[in-house]
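Novice: Structure in structure tokens, see below.
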Amino acid sequence: MQNKSVMGINEWGMLILLSVLWGVPYFFSKVALGELMPFTIILGRIGMAAIVLNLFTLARRQAMPNSARAWGSYLVFGILHNLLPFSLILWGQMRIASGLASILNAATPLWTALLAHLLTRDEKLTASRLGGVLIGLGGIATMIGWGAVSGLGRNVLSELAVVCAGISYGLAGIYGKRFKGTPPLVSATAAMTCSAIFILPIALILEKPWDLPPISPITWISVLVMALLSTSVGHLVYFRLLRSAGAS
């Protein structure tokens, strides 16, 4: 079976927009880590995004899933696409520069293409697809500056954490194909709601955010930007793109 998903001008536009929305958090998460712990940042980012998306869903009068099986699927997706990668990237960024983290995580399309080749029937790896991914990865390293790679190997566990985040994103993209017939707003809202409920007790028990000193405005702004733009808008674009163009 051949992959019938195509990349038209709308899909390319959404992909460019998504690359911007998902490139922003590397800087702002590094800023937020100056005052907040990783799970607290994730809770703020996902929690605010879940509230915004639920309000938008109510305003649009979109029907949410009504079965435990559907919600279970969104929970699995939320773990793969939000909780695991966000946690791994933030933990990695505590020890490595944001530039190196972004380059390592830019391999996500490569992992997605490889995993899709192994786990799906309709998104097989081709020479042109592999070449495109590798060229893109090189382009990102060039834009950020190859000097960012000079620190590679100094904090192996942190670097592996960011690489594993990319693999988790790839698995999430493949798993998320099951939501292809669901409106993007509903999928984004359900996934974010499940993620927020899951991360809430973890952040409260492990990090006790109420004991933190007053947070500076720049940290609040950093979390808000990640929540409203990168997470809320980003997930809407992502699910729409996933539905029309596929995981790879």
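Novice: Name, by its number, the condition in (1) over 16 Å from the mean Cα position of the chain (by Cα); (2) within 15 Å of residue 234 (Cβ to Cβ); (3) open to solvent by less than 60 Å² (accessible area, probe 1.4 Å) that does not hold for residue 46.
Specialist: (1)
Novice: Filter the range 120-162 for residues that are within 21 Å of residue 85 (Cα to Cα) and either touching a Cys at 6+ places or on another chain (Cβ under 6 Å) or modelled with pLDDT of 80 or more (or both) and give the result.
Specialist: Hits for the range 120-162 are 156, 157, 158, 159, 160, 161, 162.
Novice: Yes or no: the range 240-247 includes at least one residue that is surrounded by fewer than 17 Cβ atoms within 10 Å (Cβ to Cβ), under 20 Å from residue 41 (Cβ atoms) and either touching a helix residue (DSSP H, G or I) at 6+ places or on another chain (Cβ under 7 Å) or touching a residue at least 24 places away in the same chain (Cβ under 8 Å) (or both).
Specialist: No, because not a single residue in the range 240-247 is surrounded by fewer than 17 Cβ atoms within 10 Å (Cβ to Cβ), under 20 Å from residue 41 (Cβ atoms) and either touching a helix residue (DSSP H, G or I) at 6+ places or on another chain (Cβ under 7 Å) or touching a residue at least 24 places away in the same chain (Cβ under 8 Å) (or both).
Novice: Related question: Looking at 72, 78 in this structure, which one is open to solvent by less than 60 Å² (accessible area, probe 1.4 Å), within 30 Å of residue 186 (Cβ to Cβ) and under 14 Å from the mean Cα position of the chain (by Cα)?
Specialist: Details: 72 fails: under 14 Å from the mean Cα position of the chain (by Cα).
Residue meeting the stated conditions: 78.
Novice: While we're looking at this one, here's another question. Which is in contact with a Phe, Trp or Tyr (Cβ under 8 Å, 6 or more places away or on another chain) and in contact (Cβ under 8 Å) with a residue 12 or more places away in the chain, of 65, 25? Break it down stepwise before answering.
Specialist: Working: 25 fails: in contact with a Phe, Trp or Tyr (Cβ under 8 Å, 6 or more places away or on another chain).
Result: 65 is the single residue among 65, 25 that is in contact with a Phe, Trp or Tyr (Cβ under 8 Å, 6 or more places away or on another chain) and in contact (Cβ under 8 Å) with a residue 12 or more places away in the chain.
Novice: Give the residues of the range 49-64 that are farther than 28 Å from residue 30 by Cα, of a type outside the set (Gly, Ala, Ser) and open to solvent by 30 Å² or more (accessible area, probe 1.4 Å), sorted by residue number.
Specialist: Residues satisfying the conditions are 55, 56, 58, 60, 61, 62, 64.
Novice: If we scan the range 117-124, do we find a residue that is buried (at least 18 other Cβ atoms within 10 Å of the Cβ) and among the aliphatic types (A, V, I, L, M)?
Specialist: No, the conditions are met nowhere in the range 117-124.
Novice: Identify all residues within the range 73-125 that are in contact with a Gly (Cβ under 6 Å, 6 or more places away or on another chain) and of a type in the set (Ser, Thr, Tyr); write none if there are none.
Specialist: Correct list: 108, 112.
Novice: Among the numbered criteria (1) open to solvent by 80 Å² or more (accessible area, probe 1.4 Å); (2) among the β-branched types (Val, Ile, Thr); (3) more than 15 Å from residue 225 (Cβ to Cβ), which one does residue 40 miss?
Specialist: Here residue 40 clears every test but (1).
Novice: Could you check, for the range 180-190, whether at least one of its residues is more than 30 Å from residue 125 (Cα to Cα) and under 16 Å from the mean Cα position of the chain (by Cα)?
Specialist: Looking for residues that are more than 30 Å from residue 125 (Cα to Cα) and under 16 Å from the mean Cα position of the chain (by Cα), one finds at least one in the range 180-190, hence yes.
Novice: Quick check: anything in the range 103-112 open to solvent by less than 20 Å² (accessible area, probe 1.4 Å), in contact (Cβ under 8 Å) with a residue 40 or more places away in the chain and within 29 Å of residue 201 (Cβ to Cβ)?
Specialist: Taking every residue of the range 103-112 in turn, at least one turns out to be open to solvent by less than 20 Å² (accessible area, probe 1.4 Å), in contact (Cβ under 8 Å) with a residue 40 or more places away in the chain and within 29 Å of residue 201 (Cβ to Cβ).
Novice: Among the candidates 205, 199, single out the residue that is β-branched (Val, Ile, Thr), closer than 18 Å to residue 37 by Cβ and either without any contact (Cβ under 8 Å) to a residue 40 or more places away in the chain or open to solvent by 70 Å² or more (accessible area, probe 1.4 Å) (or both).
Specialist: The conditions single out 205.
The values are calculated or read from the model by the stated rules, or taken from the named source; none is laboratory data. Quantities reported herein were computed from a predicted structural model and do not represent experimental measurements. Glycine gets a Cβ as well: all are built from the backbone with ideal geometry, and neighbour counts include every protein chain shown. In case anyone asks, the SASA skips ligands and DNA or RNA and just uses the protein heavy atoms, side chains included. Shrake-Rupley method; radii C 1.70, N 1.55, O 1.52, S 1.80 Å.
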